[in-house]
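The values are calculated or read from the model by the stated rules, or taken from the named source; none is laboratory data. Note that this is a predicted model, so its numbers are computed, not measured. All Cβ positions, even for glycine, are placed from backbone atoms using ideal geometry, and neighbour counts span all protein chains on display. SASA here: full protein model, heavy atoms, side chains in, ligands and nucleic acids out. Shrake-Rupley method; radii C 1.70, N 1.55, O 1.52, S 1.80 Å.
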Number of protein chains: 2
Amino acid sequence: MRYSYSTIIRLARFNSSTISFIGPLNQHFYKRTFITRPVDPLETVDMGKDKAPYQLKTPKGTKDWEGKDMVLRDRIFNAITTVFKRHGGVTIDTPVFELRPILSGKYGEDSKLIYDLADQGGELCSLRYDLTVPFARWLAMNPSIQSIKRYHIAKVYRRDQPAMTKGRMREFYQCDFDIAGAYDRMLPDAEVLRIICEIFGEQGLGWTDEGAFNIKINHRKVLDGIFEVCGVPKEKIRTISSAVDKLDKSPWEEVKKEMIDEKGLSEEVADRIWTFVQRKGGKDVMDALRQDERVMGNESLKAGLEDMELLFTYLDAFGVLSKVEFNLSLARGLDYYTGVIYEVVTEGSAPSSTTGHKLQRAAKREKTAEFDEDRSNDPSVGVGSVAAGGRYDELVGMFSGKAQIPCVGISFGVDRIFSITKARMEDSKTVSTIRPTEVDVFVMAFGGKGFTGLLTERMQVAKMLWDAGIKAEFAYKQKPKLPAQFKSAEQSGIPFAVILGEEEQAMGKVKIKEMGLPEGHPEKDGVMVGIGELVGEVKERLRRKGEGVEEMVDRVNGLSTQDAEGKTGQ
Amino acid sequence: MRYSYSTIIRLARFNSSTISFIGPLNQHFYKRTFITRPVDPLETVDMGKDKAPYQLKTPKGTKDWEGKDMVLRDRIFNAITTVFKRHGGVTIDTPVFELRPILSGKYGEDSKLIYDLADQGGELCSLRYDLTVPFARWLAMNPSIQSIKRYHIAKVYRRDQPAMTKGRMREFYQCDFDIAGAYDRMLPDAEVLRIICEIFGEQGLGWTDEGAFNIKINHRKVLDGIFEVCGVPKEKIRTISSAVDKLDKSPWEEVKKEMIDEKGLSEEVADRIWTFVQRKGGKDVMDALRQDERVMGNESLKAGLEDMELLFTYLDAFGVLSKVEFNLSLARGLDYYTGVIYEVVTEGSAPSSTTGHKLQRAAKREKTAEFDEDRSNDPSVGVGSVAAGGRYDELVGMFSGKAQIPCVGISFGVDRIFSITKARMEDSKTVSTIRPTEVDVFVMAFGGKGFTGLLTERMQVAKMLWDAGIKAEFAYKQKPKLPAQFKSAEQSGIPFAVILGEEEQAMGKVKIKEMGLPEGHPEKDGVMVGIGELVGEVKERLRRKGEGVEEMVDRVNGLSTQDAEGKTGQ
């Protein structure tokens, strides 16, 4: 029996709204049309003359995470979370959808990318677009909370239009840290920048090679002051700011053209802007500004400059000044920033000569698969940037009305960080240290003719190990063959085998064998221990092995292995 | 300037679809109507004659998680994840929404509870209703994966109708573990049951008191065989099974009435069913069935009984037989189960006499706030149950067509587990061991007249501690007062203060003070150490303190504190 595509869709729609009395029909329908027919993954199956009713795939712009990628992503989350907690961060969890008016009017032109839930009666809701607006909504709803360091790692949703940049993920993780509260000037801002350095540096992801990451900083008051000084009309400041923001990917001539032709600036004003926005560096940039009369006559610019000077003092105390560059062309897209703004960029410099190439290949692979993580039009993450943020002192007031709570924060682009970290690991050959599971012991048995499989005994040994907190598995088979058991252990990279034999069993003994020892190693054939000593002996070997692995991985990669090895790193 | 409610909604809708050219208008609109007016949390604000455009709240049936609740929930997730990993579990992450046809026809009558995304062009999608169907879809899409132990902790969405049970959460966490693959009979099933016992028992949540949890088990083949033997017509088996499933909350007389009046069974057949379904226990139930001729003449019943006998042997080897009850009235709602089914129930027995009361109060509190976590109509979690699952050998085939992958799994109802764990902690006074942050050291300063605040010095000391991986904070103030700094540390439950004084500073010394020491303690006033020894001294004190706390919490609660204390428990 066959249904046409349109019939199927009609039935499916009918079902979803009035399913209550046609439930059983619905099931038969699927049994007839889907169950008895093979559906090839990612292929539209020809069901007779009709198209198949649906592809077996995830929705456009989404993907499943699995295997080693999932393990690595978890490690990255752990490394980031560890740093957040070190600075007193606490986490909150908000719903994946918000009332629609909460999100409206917060994202400017990008509001069209918001996913709406269907109107099935009741409130109108939309999927969250970022984690910042829900955080501001939460602060406004909880007036007793006047200050907090909150972090939030969760998925956000952006319905990229076909006409826009292709291949952007529609579901992706954001990883945000924000400090809310009225404090002495630039102190929380400095700590956020310190946190960024810890996350990418030695104590976090281990991007310790020169130029692996750098932070571009600017200040909205400096930037707006510059525009005022140069003669940009007030109402054009935001749009000219957006034009300046493109300088990291477009040459000045193009940006200038946009300013003049599209945004109606005079050439003279544009040229004046150019004399400012090409400046970058450290204290030297500040000193030059200070010596400029036009600058010191502008209140906004002066205030911004004082903030920046104070910030640099604090960054020095925190030991991270060298990672930071004052860059007058950094503008950031979002409207809600009111103070310091920053962007973390990778310069593509590599721990060895091949990483750059690998990164390109990785990017290409993802593009082909429509999983390009380059969110080039993403207002929170710029081109080549892996994190971005700034101060937004007025967003909470958009919800609370009366009480403003000043905030400063950072959002990490986890997908991009993932791609780069993976390429770095592939480059340094440490990717093999990622095991799909964390199992430490495979309990196996062998025997000659009439071998029973020692199933109950294997189960009892597994129980003993689990009781002691040791991660263990055994073959789900009555009489497994020894080579098959070794193969299972090898495939999962399980470091130890505990081997039961019928004779040894009779003497109350079992064998511990470390997998993959070289020929000639004294324990190559394993060591026999009494069943009573098994747990202690396994634990001791795991401890020794763990130390070795940890040291090796730390040396080459720097990425915390605490989770994978069940160790704490603090 | 005021807008009527309808104008606002119209404008908002207009904006969300055609925002591209009215972005700036949109922002002004919000500035006018929302920003300058206070909106009270959870109150509809009277904006002149009109109703406020929206309440400042989360959507119905959803909530924010924060503070100690969030910390406790994370601990529960950690305790559960630790057990999953001990058994070789790996995690996957699937999108929060699926193509609509993937979900259709999988949930019977409950399909009407599925949240749909709005049709904004392109594919039609719906929010996931559980984690099982996405797992089956994933397995079907990845034919190279023929076996896996996968776990998945994530939110699922159910659009409860106003006509149905009130107060059910519409967004809630599920926590699933499933073993997929063709293995020797009952081995994965036994391991799933062992995992359940580890999670609730000593090595997990610490529900070690008698009756804190028990597992009811039945087998679909046994149940269907019973219905056949009793004379239930084949086409009525599923619906009669649903009636039997109500026996845990309704008396037999009611269920019998339903079977006869609503489902057209004869009284004789119903009475015959009753002779079976009231049986529960262990081997005795099996022995009684074995001696029944009718039973052994039914192929389905015989096969199911053999499975159960084998399962009980394995549970014995795993040391968990005492937690399990063979209960012939357990039926489970979902259609897709094909073998063993189980449900974990709490009997309300308590570690002390007040817990039951507290649990009731907690439940009532949640009900009042419309946050009742009792998903009494939830097919995956029955009344009083905290976890449920079973074997489903044919679900993957609904997607893959050709290749079946047998599966068995368990879903934990995290919200209910959270409520019970919290009530238990309140009861045992261990709830105070939950700190909102994990910060270990508060860096403070004091001084007399002309006190500079020692800000740079505090920042440098914080940097030193962070560099060593120690969790530290300091006041974001140039010249903080000492009592205010102590208050901050106390409020966050931070165990140690590092105190800088101007004189001590000059001598290169700082003071370490443990908070909350009793009068007369030798270190009550703190100990002075050289700045070079600070990190080592703090680490040593944290180690000692950590051991003490861990021991105390372990004793009274059993819940792993590894995450809160930064220690590993394995």
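Which of the residues spanning the stretch B:103-133 are on the phi > 0 side of the Ramachandran plot and under 25 Å from the mean Cα position of the chain (by Cα)? Of everything in the stretch B:103-133, just one residue is on the phi > 0 side of the Ramachandran plot and under 25 Å from the mean Cα position of the chain (by Cα), namely B:G108.
Strands (runs of 3 or more DSSP E) fully within the stretch B:440-513 that include at least 3 residues being within 14 Å of another protein chain (Cβ to nearest Cβ) and under 42 Å from the mean Cα position of the chain (by Cα): B:441-446, B:472-474. Summed over the stretch A:248-258, the residues that are charged (D, E, K, R), open to solvent by 50 Å² or more (accessible area, probe 1.4 Å) and more than 30 Å from the chain's Cα centre (by Cα) give a count of 3. Do we find a residue being hydrophobic (A, V, I, L, M, F, W, C) and modelled with pLDDT under 95 anywhere in the stretch A:458-478? No, there is no match, as no residue in the stretch A:458-478 is hydrophobic (A, V, I, L, M, F, W, C) and modelled with pLDDT under 95. Could we say that A:A140 is closer than 17 Å to A:I179 by Cα and either facing chain B (nearest Cβ under 7 Å) or open to solvent by 30 Å² or more (accessible area, probe 1.4 Å) (or both) here? Yes: the conditions hold for A:A140. In the condition set (1) open to solvent by 40 Å² or more (accessible area, probe 1.4 Å); (2) in contact with a Gly (Cβ under 7 Å, 6 or more places away or on another chain); (3) over 26 Å from A:K511 (Cβ atoms), A:K463 is compliant with all but (3). Residues of the stretch A:201-245 that are aromatic (F, W, Y) and more than 24 Å from A:K283 (Cα to Cα): A:W207 alone.
Scanning the stretch B:62-80 for residues that are in contact (Cβ under 8 Å) with a residue 40 or more places away in the chain, open to solvent by 10 Å² or more (accessible area, probe 1.4 Å) and part of a loop (DSSP other than H, G, I, E, B) turns up just one, B:K63.
Filter the stretch B:333-346 down to the residues that are more than 19 Å from the chain's Cα centre (by Cα) and open to solvent by 10 Å² or more (accessible area, probe 1.4 Å), then identify the one that is modelled with the highest pLDDT. Outline the logic, then answer.
First, the residues of the stretch B:333-346 that are more than 19 Å from the chain's Cα centre (by Cα): B:333-341.
Remaining after also requiring open to solvent by 10 Å² or more (accessible area, probe 1.4 Å): B:333-338.
Working: B:G333: 73, B:L334: 73, B:D335: 76, B:Y336: 84, B:Y337: 91, B:T338: 94.
Of everything passing the filter in the stretch B:333-346, B:T338 is modelled with the highest pLDDT.
Among residues of the stretch B:278-306 that are among the charged types (D, E, K, R), those with a beta-carbon under 6 Å from a residue that is assigned to a helix (DSSP H, G or I) and surrounded by fewer than 16 Cβ atoms within 10 Å (Cβ to Cβ) at least six positions away or on a different chain give the pairs B:K302/B:M296. Of the candidates B:I417, B:I410, the single residue that is open to solvent by less than 20 Å² (accessible area, probe 1.4 Å), away from chain A (no Cβ under 14 Å) and either assigned to a helix (DSSP H, G or I) or at positive phi (or both) is B:I417. Scanning the stretch B:194-215 for residues that are in a helix (DSSP H, G or I) and within 18 Å of the chain's Cα centre (by Cα), we see that the one that is nearest to the other protein chains (Cβ to nearest Cβ) is B:E198. Screening A:D184 with (1) modelled with pLDDT of 95 or more; (2) of a type in the set (D, E, K, R); (3) farther than 16 Å from A:I405 by Cβ gives one miss only, at (3).
Filter the stretch A:482-510 for residues that are in contact (Cβ under 8 Å) with a residue 12 or more places away in the chain and open to solvent by 90 Å² or more (accessible area, probe 1.4 Å) and give the result. Within the stretch A:482-510, A:E490 is the sole residue that qualifies.
Within the group A:D261, A:D245, which residue is open to solvent by 30 Å² or more (accessible area, probe 1.4 Å), touching a Lys or Arg at 6+ places or on another chain (Cβ under 9 Å) and not assigned by TED's automatic domain parsing to the domain that holds A:I148?
On the way: A:D261 fails: touching a Lys or Arg at 6+ places or on another chain (Cβ under 9 Å).
Going through A:D261, A:D245 in turn, the sole match is A:D245.
For the stretch B:109-137, a residue qualifies if it is over 14 Å from A:L117 (Cα atoms), of a type in the set (S, T, N, Q) and more than 7 Å from chain A (Cβ to nearest Cβ), and exactly one does: B:T132. A residue that is open to solvent by 10 Å² or more (accessible area, probe 1.4 Å) and facing another protein chain (nearest Cβ under 7 Å) occurs somewhere in the stretch A:156-167. When B:R100 is tested against (1) under 18 Å from the mean Cα position of the chain (by Cα); (2) at the interface with another protein chain (Cβ under 8 Å from one of its Cβ atoms); (3) open to solvent by 10 Å² or more (accessible area, probe 1.4 Å), just one condition goes unmet, and that condition is (1). The one condition from (1) buried (at least 22 other Cβ atoms within 10 Å of the Cβ); (2) in a loop (DSSP other than H, G, I, E, B); (3) more than 7 Å from chain A (Cβ to nearest Cβ) that B:G105 does not meet is (3).
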